[in-house]
Amino acid sequence: MSLLVVGLSHRSAPVSILERAALSADTQAKLLQDTLAAEPAAEGAVLATCNRIELYADVDKFHAGVAELSTLLAQHSGVGLDELTPYLYVHYEDRAVHHLFSVACGLDSMVVGEGQILGQIKDALALGQELHTAGRLLNDLFQQALRVGKRAHSETGIDRAGQSLVTFGLEQLADGTDVDTWAKGKRALVIGAGSMSSLAAATLARAGVSEIVIANRTLARAERLAQILSEPGGTGVTAHAAEMVAVGDELTRADVVVSCTGATGLVLTGDGVEAAVQGRRTPLALLDLAMPRDIDAAAHRIPGVRLVDIESLAEASADAPMAADVDLVRGIVSDEVAAFGAAQRAAHITPTVVALRTMAADVVANEVARLEGRLPDLDDKQRAEITQTVRRVVDKLLHAPTVRVKQLASEPGGAGYADALRTLFDLDPETVAAVSRADLNDADVKNRGRV
């Protein structure tokens, strides 16, 4: 089995394609279920953010796996395979590991170094665990990716290389003015109450806006976020919730709007925005962080309106300076990829080693039983001493070869040592497979609910 990732992102596809290919939560779940139903895949996980859609799988056939995963992405995204294919990228085995670790560190983000991707990777792993589509390989891979991302942020200054998408978007709206100065005293409308919207609301509150209105399809979630922002331990800003039907009225009173919902259609139409700015003297700043977009792109042509969306952020980030710390993070990624590969190769031989030791234990038990039949007069102390001696001899004979074979198996090209061990000791393949299945079941129990 081998790791394969097929996906598209802001680096490979235009925003118009990403927007059409965006996957809802229900669609992601169905995609994972269909991935495991496909013949080449034994495990699956999907990483879907505002600027990337990636399907990870443990496959036994490379070409069949690429074809199947590409077809599944096309079917569930609603973008035809012929249209989608030119924008897809494929990574396999170590390159796939390197890609995910780079993503986790923010090296592949629209804003280099942003840390929100770690939460999105955590969510992808949680979904795979919940649906039992993430087995031992993907559990190990995604948990290691989270550790690599955290290491990059703690050991380097990658945070200085970029900010969150929210902060970057607000900087674009401020257009060269300090964000705190630009935001001070403004009235803000945040549409949505998910993780990105919550981050936007908290960022605006810290920047000094005078009031925040949270509008959400589920009013209770909006009220909860408003409460967190308003309470003494929160940001202390004046905040209250509103139903989605009130967005039009709230728009007429807002100075800055941030929208990030999971809606499949427009939340703010061009006509709605135009009606909201009629007769007002102050400009209206709109930040659309949703994919697909929440705000009609036509809004940027309305006088007195400034719209920043994913597409304009992608263009702006292309010119953003790279920090020297990025090189340090790349070094961390390379080291961690090598370590992950060594650990996986070593784990691959473990069932064979366990099967060998199990066979040796059976040989000892059978020989001791045969000895007892031939020497029935042995007392318990003598029998125990003989048994212990035989076990020590076997353990000493097996110790050096098994330790060495684990070391050799962890090196590149070491996969063949497991086969050699099985051949040399004539181990039953079914016994080895049974150990692997037991390990997999244990891993599933340990990982269930972990992220």
Practice problem: Please go through the stretch 278-295 and pick out each residue that is closer than 10 Å to D255 by Cα and either buried (at least 19 other Cβ atoms within 10 Å of the Cβ) or within 36 Å of the chain's Cα centre (by Cα) (or both). | Solution: L284, A285, L286
Exercise. Could you list, in sequence order, all residues of the stretch 274-305 that are under 23 Å from A48 (Cβ atoms) and in a loop (DSSP other than H, G, I, E, B)?
Key: L289, A290, M291, P292, R293, D294
Quiz item: Across the stretch 382-406, what is the number of residues that are among the hydroxyl-bearing types (S, T, Y) and more than 20 Å from V354 (Cβ to Cβ)?
Solution: 2
Self-check item: In the stretch 140-175, residue surrounded by the most Cβ atoms within 10 Å (Cβ to Cβ) [restricted to those that are polar (S, T, N, Q) and at pLDDT 95 or above]
Solution: Q144
Quiz item: Of these, V258, V247, which one is in contact (Cβ under 8 Å) with a residue 24 or more places away in the chain, open to solvent by less than 20 Å² (accessible area, probe 1.4 Å) and part of a helix (DSSP H, G or I)?
Solution: V247
Quiz item: Does at least one position in the stretch 85-100 carry a residue that is crowded, with 20+ Cβ neighbours inside 10 Å and modelled with pLDDT under 95?
Solution: no
Quiz item: Looking at V368, V363, V353, which one is outside any strand (DSSP E or B), modelled with pLDDT under 90 and open to solvent by 40 Å² or more (accessible area, probe 1.4 Å)?
Solution: V363
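The values are calculated or read from the model by the stated rules, or taken from the named source; none is laboratory data. Note that the structure is predicted; figures quoted are calculated from it, not measured. Note that each Cβ is placed from the backbone with ideal geometry, even for glycine, and that neighbours are counted across all protein chains shown. In case anyone asks, the SASA skips ligands and DNA or RNA and just uses the protein heavy atoms, side chains included. Shrake-Rupley method; radii C 1.70, N 1.55, O 1.52, S 1.80 Å.
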